[in-house]
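The structure appears below as structure tokens.
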Amino acid sequence: MWGLDIRRSLLQAQSLALALTSTLMMYSALGLVMNCKSPIVVVLSGSMEPGIYRGDLLFLSNYEPRDYKLGDITVYQVEDEAAVSIVHRVVQTEVGESPLSFRILTKGDNNEVDDISLYRGLERLERKHVVGRVRGIIPYVGYVSILFNEYPRVKYTVFGLMALLNLA
Amino acid sequence: MARKKTANGAAQDISTATTSTDSIPSPPSPDRPPGPLSLPPLPGPREVVKVNNYSTTELKNACDDAVKRYLSRPELFQQNHQHTDVRLALGWLSVFVAGGTGLYGYKVEFEQSKPVVWVGLILYMLLTFTQTLYSYFIEGDIVFVGKRKTFSKRIITERITLSSRTIPVSSSSSNSTPITPPQYSLSLSYVRSTSANKSLLAKGKTQARAPYSRFFDAEGGMDGDAFERWVGEVVEEGMGGLPASKES
């Protein structure tokens with residue numbers, strides 16, 4: 001009878017694994033379609049209030065033409081090591097000698113000064129620094145992700161409970 | 001063994017509606033291999049199965065499991081796991097493809113990783129789609145596929161396939177007609193032939209249904225004996241009637 005039992009356990013484990021992988025694959029598909037390495041991000045600071053608050057979920061897009069205009073809300077990363085993403089608004093654009101060279105200056109709506117101090121020595125941002133443009137916002141939902149990152153124990157307990165409930 | 005009272009003890013016992021179609025009468029007893037009812041029940045206490053009475057999915061799964069365990073006893077049929085194995089293989093392969101793609105996309109920078117992630121994504125979708133098609137069209141309602149070889153004068157091969165589904169509660173528009181409780185419908189097709197299928201000895205198709213309330217009590221505990229007896233009767237009918245020498 002062990003053949004039956006092994007197969008049944010494998011099938012149960014498989015249904016759980018498929019639920020996880022389908023979420024992962026949907027996220028990857030969204031990233032590919034939007035041409036954006038993180039198509040869904042959570043806002044961590046309040047520098048864009050009152051439009052965007054801490055804990056909001058943002059949907060980004062980065063497909064061609066990536067012409068970020070004045071007034072667009074963009075998410076950018078300055079250096080890869082730190083990998084801190086900042087979501088601020090474009091307040092100044094410059095087109096250089098060729099259409100490909102394109103520089104922007106950003107500033108948070110709730111900040112007094114623009115972001116030059118955050119650029120780590122750069123004068124302006126280039127297209128390669130921009131992760132994407134904000135397309136949609138869902139408020140409050142991102143707080144779950146903030147909780148999980150600041151209190152890892154909460155994450156482990158929640159996922160452990162979900163796994164147990166699925167198997168029982 | 002104490003018998004638990006069924007929840008609808010007072011309700012009338014809905015008799016099993018059996019329809020036998022397409023059966024070739026079986027030859028006299030010596031040629032007929034033993035059916036499941038002729039086997040003594042397994043010694044020792046039975047494992048208690050408890051399900052949620054309100055979920056027909058759990059009821060059906062408990063019954064399907066009991067059918068598989070009952071019919072794959074060593075003296076009875078040897079189960080053919082092909083459908084389950086294909087499902088497991090396709091499913092786990094797609095899990096590993098997804099895991100590999102996710103890991104690759106995490107390690108390698110986005111622009112570089114795009115072609116590989118596209119390939120992984122399309123492969124994952126193909127695999128899950130194939131698995132769904134297989135389950136729906138080829139596996140369908142089948143819960144047990146079995147084979148048995150017995151030797152009496154010549155080698156007799158039997159093949160049996162069982163499928164099951166739940167017949168849901170039928171809601172009737174007028175208030176006067178009684179509503180039938182959810183039922184378990186078991187369909188069976190059986191072939192008996194000499195080895196290498198040289199000549200056909202018996203063939204039968206049977207279908208039977210019984211309300212779940214007959215096998216599950218009010219707390220959700222399953223009466224395994226009653227269920228096995230009912231399954232045994234259906235199988236024996238599919239095999240071509242009860243043998244003349246059966247002691248009741």
- With 0.36 nm assigned to each residue of separation and the Cα-Cα distance removed, B:ASP65 to B:ARG229 gains 57.6 nm
- Message: Let me spell out the model: positive unit charges on the Cβ of Lys and Arg, negative unit charges on the Cβ of Asp and Glu, origin at the Cα centre of region A:37-141. What dipole size does that give, in debye rounded to 20?
- Response: 280 debye
- Message: Please give me, ordered by residue number, the trypsin sites (Lys or Arg not before Pro) of region B:43-113 that lie in loop per DSSP and have at most 14 other Cβ atoms within 10 Å.
- Response: B:ARG46
- trypsin sites (Lys or Arg not before Pro) restricted to region A:87-162 and DSSP loop, no more than 14 other C-beta within 10 Å: A:ARG120
- Can you list the residues, at least 5 places off or on another chain, whose amide H is less than 5 Å from the amide H of A:SER45, using H built in the peptide plane? none
- Item | Spin-label model distance (nm) - A:LYS155 vs B:ASP141, 7 Å beyond Cα toward Cβ | 4.7 nm
- Quick one: which of A:LYS128/A:LYS155; B:LYS153/B:LYS203; A:LYS37/B:LYS107; B:LYS50/B:LYS149; B:LYS153/B:LYS205; A:LYS37/A:LYS128 span more than 23 angstrom between C-alpha atoms? A:LYS128/A:LYS155; B:LYS50/B:LYS149; B:LYS153/B:LYS205
- How many nm separate the modelled label positions at A:VAL91 and A:ARG135, each set 7 Å beyond the Cα in the direction of the Cβ? 2.8 nm
- Under 20 Å Cα to Cα from A:LYS107, which aspartates and glutamates show up? Leave out anything in the same chain fewer than 8 places away. A:GLU49, A:ASP56, A:ASP67, A:ASP72, A:GLU79, A:GLU94, A:ASP115, A:GLU123, A:GLU126
- Query: Once both labels are modelled 7 Å past Cα along the beta-carbon direction, what's the B:VAL108-B:SER38 spacing in nm?
  - Reply: 6.4 nm
- Proximal aspartates and glutamates relative to B:LYS114, as straight alpha-carbon distance under 20 Å, when same-chain residues fewer than 8 apart are discounted: A:GLU64, A:ASP80
- Query: Once fully extended, how much extra length lies between A:TYR143 and A:LEU20, figured as 0.36 nm per residue of separation less the alpha-carbon to alpha-carbon distance?
  - Reply: 42.2 nm
- Exposure proxy ranking, count of Cβ atoms within 10 Å, fewest first, for A:LEU125, A:LEU32: A:LEU32, A:LEU125
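Read-outs: derived from the displayed coordinates by stated rules, not from any lab. Note that the structure is predicted; figures quoted are calculated from it, not measured. Positions of Cβ are backbone-derived with ideal geometry, glycine not excepted, and every protein chain shown enters the neighbour counts.
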